[in-house]
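Here the structure comes first, spelled out in structure tokens, and everything after it is commentary.
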Amino acid sequence: MAIRLKYALLLLLLILQQVSFAAFVKVGTGSVVITPQLPFHLTGYAGRDNPTAEKVHDLWAKALVIEESADSRIIIVTTDLLGLTPAISDAAAERLEKKYGIKRSQIMFNSSHTHSGPMIWPALSVIGDYDTATIKGFTRYAVSLTDKLVEVVDMAMQHLTPMELSYGSGSAEFAINRRQKMANGSIIPGRSGHVDHDVPVLMAKDAQGTVKAILFGYACHNTTVTGTHNVINGDYAGFAQIELEEKYPEATALFFIGCAGDQNPSPRGTLELAAQHGHELAEAVEKVVSGKTKPVGTPLRSAFVKTDLTFQPVTTQTMQHDLLHGNKYEQRRAKLITEAMNKGWDLSAHSYPVQAMRIGNKLTILSLSGETVVDYALNAKKQYPGEQLFVAGYCNQVVCYIPTERILEEGGYEPVSSMIYYGMPGPFDKSVEEKVNAAIRAVMQKIGVSKK
């Protein structure tokens, strides 16, 4: 009897420790409108030559700060944008590091990849022919974004309150793989390819049990609204956040996109479908929030590394050929690359950041940069089956697609022709997958998570 009582008391103590552990985490959120002054050119699709003066709803930057102590915190910033440039994210991170005495590993930026958001200069500059005055407007907006990213973190830091964190996972089915390879060699969207339908959710509640923050993700291109529409909106991710904040009026809903490089929403084409997918995603999140979630707290750990992804060799002859004989996009890319070559810039590799943030001893947010394809997320989850992994793509900077070796060999838009629109020298070489995976292993090891 005494032994049973001893074990019962020990179990109760462990449960109480776990609950109090989570309760003493401080959480703060902030939200700032980042809709540009209209009219403004949108980005993501070539062929939209005119600026838009219309919007369905505002675009937002949002911040979630989780603090164990003044020396231990993580900051997650989400944006309703196609993607941040290295210049914007690096400048914002540097200012935050100095202001709050934190390391680069403690700050993560994610972009929802809406194709109905503003041009983020100079990313995708190849898709349009813009005059000097327009480019100056793009530059002013890019500079203002850095200020907004710092502002939204300041707002979250000013509202730090003890809260209980918990997490769970749901599912949504509207993402399909857009790289189904056919017998004739063509690549089309289809439901037989790899997908990641998980909807990871991290939630914060105050002492009264009121939901104050919902961080959720999904691996699907944020492109339900196609290029025939020229109107500001956050696509399905924007609609989902709006619905969740209406359902939980005291909460900030923050969306992060997963490894969606080869994932498309289906069906797609209209604002109504974007709202439909947003509703499906919001419902999946609501089921998690209202259901049984697992508490999580401290310690907080983070890691950040960079690896060089090497390009296949590019020659001046190839660029000269494209200048003379290519289509308008190839000509614009060739001009950019030729100018860089003439300046002596090193075009052999892209410096690629990988980041991990661990909350407690079971939950890790793995953050990959660029348009990472879904296999990176699926493989990471297989490699770390004992860890609850939230795998985010489009983090910190979005400068091109990040294919696997298989996709690189298959060719097509993501590994090859998209590099034209991104103004990159050319496809990566076949070492790209191993280098990304090695960087993943490095950050996971730094935060104390080992492979199976």
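What follows is calculated from the coordinates using simple rules that are stated; it is not laboratory data. The shown structure was predicted, so the numbers you read here are calculated from the model rather than taken from an experiment. All Cβ positions, even for glycine, are placed from backbone atoms using ideal geometry, and neighbour counts span all protein chains on display.
Once the GluC sites (Glu not before Pro) in DSSP loops with at most 13 neighbouring Cβ atoms within 10 Å are cut out of the chain, the longest remaining piece is 251-452. Seen against the Cα atoms of the chain and their longest principal axis, helix 86-100 is set at about 30 degrees. Positive contributions from Lys and Arg (+1) and negative ones from Asp and Glu (-1), summed over other residues with Cβ under 15 Å from the Cβ of Gly360, come out at +2. Measure nothing fancy, just the Cα-based angle from helix 316-325's long axis to the longest principal axis of the chain, in degrees from 0 to 90, nearest 10. Rounded to the nearest ten degrees, it is 70. For Thr338, Thr29, Thr316, Thr132, the sequence from fewest to most other C-beta atoms within 10 Å is Thr132, Thr316, Thr338, Thr29. Using alpha carbon centroids, what distance separates the stretch 199-219 and the stretch 259-306, in Å? Cα centroid of the stretch 199-219 versus Cα centroid of the stretch 259-306: 11 Å apart. In this structure, the amide hydrogen of Val25, modeled 1.01 Å from its nitrogen in the peptide plane, lies closer than 5 angstrom to those of Met163, counting only residues at least 5 positions away or on a different chain. May I ask you to list the aspartates and glutamates whose Cα is less than 14 Å away from that of Lys287, ignoring any residue fewer than eight positions away on the same chain? Excluding near neighbours in sequence, the set is Asp198, Glu243.
All Cα-Cα distances of the chain, cut into 10 Å bins from zero to the largest, leave 4, 21, 32, 26, 11, 4, 1, 0, 0 percent in each bin in turn. Need the list of lysines near Lys430 for cross-linking: C-alpha distance under 30 angstrom, and skip anything on the same chain fewer than eight residues off. The qualifying lysines are Lys181, Lys306, Lys328, Lys335, Lys343, Lys381, Lys382, Lys446, Lys451, Lys452. Converting phi to 3J(HN,Hα) with the Karplus coefficients 6.51, -1.76 and 1.60 and the offset θ = phi - 60°, the stretch 166-174 yields 8, 9, x, 8, x, 8, 9, 10, 7 Hz in sequence order, with x at every glycine or proline. In terms of Cα to Cα distance under 12 Å, which aspartates and glutamates are near enough to Lys205, apart from those fewer than 8 places away along the same chain? Once the sequence-local aspartates and glutamates are set aside, what remains near Lys205 is Glu164, Glu250.
Amide H to amide H, with H built 1.01 Å from N, Thr226 comes under 5 Å of Gly269, Thr270, counting only residues 5 or more places away or on other chains.
What is the packing order of peptides 101-114, 291-304, taking the mean over residues of other C-beta atoms within 10 Å and listing the highest first? Could the numbers behind the result be given before it?
Working: 101-114: 23.4, 291-304: 18.1.
Sorting 101-114, 291-304 by mean packing, highest first, produces 101-114, 291-304.
Put simply, the amide H of Gly261, placed in the peptide plane, has neighbours under 5 Å in Thr372, Val373, Val374, leaving out anything fewer than 5 places away on its chain. Between the Cα long axis of helix 132-157 and the first principal axis of the chain there is an angle of about 10°, rounded to the nearest 10. Projecting the Cα atoms of Tyr413, Thr307, His115 onto the charge dipole of the chain (Cβ charges, centred on the Cα centre) puts Thr307 farthest toward the positive pole. For the stretch 77-177, what does the alpha-carbon gyration tensor say about shape, rounded, prolate or oblate, given a ≥ b ≥ c as the root eigenvalues, a/c under 1.5 as rounded, and a/b over b/c as prolate? Oblate shape, in that a/c is at least 1.5 and b/c is the bigger or equal ratio.
Net charge in the neighbourhood of Glu151 (other residues with Cβ under 13 Å of its Cβ; Lys, Arg +1, Asp, Glu -1) is +2.
How big is the dipole moment of the stretch 20-298 about its Cα centre under a simple scheme where the beta carbon of each Lys and Arg is +1, that of each Asp and Glu is -1, and everything else is neutral? Debye, nearest 20, please.
480 debye
Each Lys or Arg adds one and each Asp or Glu subtracts one; over the other residues with Cβ under 13 Å from the Cβ of Leu160, this totals -1.
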